[in-house]
Amino acid sequence: SCSCKIGPSILNGDLSCLGDECKRMMDAGADYLHLDVMDGHFVPNITFGATMVKWLRKKQPGVFFDLHMMVSEPEKWVDEMADAGANQYTFHLEATENPRDLIKQIRNRGMKVGIGIKPGTPVEKVLPYVSDVDMVLIMTVEPGFGGQKFMADMMPKVKHLRRNHPGLDIEVDGGVGLSTIATAAEAGANMIVSGSAVVKSPDPKSVITQLREITEK
Ligand code: DX5
Ligand code: ZN
């Protein structure tokens, strides 16, 4: 059992009406919004940047924005994203040479710090930074696209982190839906990103409610 938070990823929603999609997710009972920023370089896809975040912030003044920065130079966008109203800045460990400076840079701008690792990156690589961040993101698909299959073999990473850091926020992202959320929650994840499972459903409220119920069992 966990007090999990559910954060829809709107990547697979209708990006031409992103504001409406965010509202639809919040009306459906989402706890926060997971915003996937891609630069076409760190990942083979492009989504949106700080201007979009700024306009979404105007429409959703009180919602926690968790920015998943799938970009090659995460140092570059800290100021823009802070100005745009981001609450948490999650960068990829693989994308920076100097995680410590980046963590400080993010904190100095008043945002929470998340650090993410791709499926091929061992959890050991992130351990030196865990006590300095608010959240660790364990990717359960290769970053770049929604709608991929959940990699259950990433759960040992989540378990390892949870055993050693009871109070840490641990997020899983990729392929999480009604049939996989139990595995993630049991491993110790407490921030659950769910994209297609929620956004593509005609009844997102029922999906979010069911997701939450499964984690409460
Ligand atoms: C993948 C993104 C995820 C993704 C989740 O690169 O970081 O946030 O959109 O979508 P689903 O739940 O469909 O895998
Ligand atoms: Zn993501």
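Summary table
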read-out	value
Computed [θ] at 222 nm, deg cm²/dmol, the chain (DSSP H ≥ 4; -39,500 (n - 2.57); rounded to nearest 500)	-9000 deg cm²/dmol
Partners for residue 58 among lysines (Cα-Cα distance below 19 Å; same-chain residues under 8 apart left out)	23
Order of 129, 32, 89 - criterion: other Cβ atoms within 10 Å of each residue's Cβ, fewest first	129, 32, 89
Within-15-Å neighbourhood charge of residue 146 [Cβ basis; K, R +1; D, E -1]	-3
Axial C-alpha extent at least 24 Å, average Kyte-Doolittle at least 1.0 - helices from the chain (DSSP)	none
Dipole axis of the chain (+1 Lys, Arg; -1 Asp, Glu on Cβ), positive-most option in 180, 167, 139	167
Residues of type lysines that residue 125 reaches as a straight line, Cα spacing below 18 Å, ignoring anything fewer than 8 places off in the same chain	157, 159
Amide H partners (placed H, <5 Å) of residue 169, local residues excluded	136
Centre separation in Å (Cα based) which lies between the stretch 144-182 and the stretch 40-118	20
Size of charge dipole - the chain - debye, nearest 20, with Cβ of Lys, Arg +1 and Asp, Glu -1, no other charges	380
Exposure proxy ranking, count of Cβ atoms within 10 Å, fewest first, for 212, 163	163, 212
Contact order relative to length of the stretch 5-216, as percent, for alpha carbon pairs under 8 angstrom and 6 or more apart	21
Under the Karplus curve 6.51 cos²θ - 1.76 cosθ + 1.60, θ = phi - 60°, whole-Hz ³J(HN,Hα) for the stretch 83-90, x wherever Gly or Pro sits	4, 6, x, 6, 9, 9, 10, 9
Qualifying GluC sites (Glu not before Pro) for the stretch 58-142 [loop in DSSP, other Cβ within 10 Å: at most 10]	97
Most mobile listed residue (62, 114, 175) in the chain, GNM with C-alpha springs under 10 Å	62
Placed amide H near residue 201: partners under 5 Å, 5+ positions off or other chain	none
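Here, each number is a calculation from the coordinates, and none is a lab measurement. What you see is a predicted model; the values in this text were computed from it and never measured. Cβ atoms come from the backbone with ideal geometry, glycine included; neighbour counts cover every protein chain shown.
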